[in-house]
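Accompanying notes for the structure given below.
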Amino acid sequence: MNVVYRVTGRYMAGSEISAYHLVGSDGSSLVVNRDKAILMISRGLIENMRVQYSGDSVIIRGKGINLNNLPVFDINKSQFRGTNAPQTGTTKKTSSNPLSQYRITKRIMYKTSCVGYVVQDASGREAKLNRDKTISFAVKGLIANAEAQKYTPSGSTEARLILRGVGCDLKSLPVILVDMNGNIVDTTKKNQSVTVRATQSRRSGILYCHSKKSTKTFSAGDYIVCTPSGGLNILGNTDAREKMQRAVESSAICDTYLDNLKDYSVEFLGQPRQTLPANVVMRWPVVTIVNAR
């Protein structure tokens, strides 16, 4: 009940479409012929397909997608066509049709905890899944680049399921942040506006990042920005005037991640090198900025 489907691929014999592969919002999958697809479209059960009427003819079209760009399984050759076919993914217990599978593309993090994932189906559409649902999909073999494994933490006798990357390191994937109010901020998107904290420096100095072993110099009048992930960055005075403006919000996404300030230190001209404490950064104005990373 209440399952909505998306088309993720086509089954073809020569130039003729024999069937469509559908994936449901609950992870289920269906293979339907043309007539069944038209019936489901008319009932609003397939969100990325539509029908177009031309005289007595009924033509199936994509809705928000180009059906011609979907993966094609060649029935005559029993294989996928071209290079756009998804890679086969398996778990230890089961394997699934690649057209039914998702790929994890990003992690959703709250502080140091992974609370969910962004997954992409074979049609290219992204969806956000919480951690438990992603693991349940992996158990069913529905995640192409991850598998569910049992893990017993040290000092515990109870095993729990965790995700392991298949052909990838999940910890190296881009991260989406969740703030203390539960709002999700995707800082991986270009031209994304986010609320951060920033202060204009009265002195020149050097910003150190310990984990990257990198430094950045700044001049008096430049801005020190606390990024969404709780790091520090420098924004020149000219760029700040173009990209930054005072926010109406009283809190910023970075407020949840100020523990990460310990990875940075600042050396102002004529002063010893120091780590900026969270209570100091919390007094900085909240600003809206584009691409603050």
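Some notes on this structure:
- Zone residues, the stretch 188-219, relative to ASN181, backbone N less than 15 Å from point 7 Å out along Cα-to-Cβ: 194-197
- Ordering of 270-279, 254-263 by packing [mean C-beta count within 10 Å, highest first]: 254-263, 270-279
- Residue separation of ALA220 and ASP263 scaled by 0.36 nm, minus their Cα-Cα distance, works out to 13.2 nm of gained length.
- Mean separation of Cα contacts under 8 Å, 6 or more apart, over the residue count of the chain: relative contact order %: 12 percent
- Here ASN130 and VAL58 are evaluated by their C-beta separation; at R0 = 51 Å the FRET efficiency comes out at 0.85.
- Across LYS128/LYS190; LYS133/LYS190; LYS63/LYS190; LYS128/LYS171, pairs whose alpha-carbon gap is larger than 23 Å: LYS133/LYS190; LYS63/LYS190
Read-outs: derived from the displayed coordinates by stated rules, not from any lab. These numbers were taken from a predicted model, which means no experiment stands behind them. Note: ideal-geometry Cβ built from the backbone for every residue, glycine included; neighbour counts use all protein chains shown.
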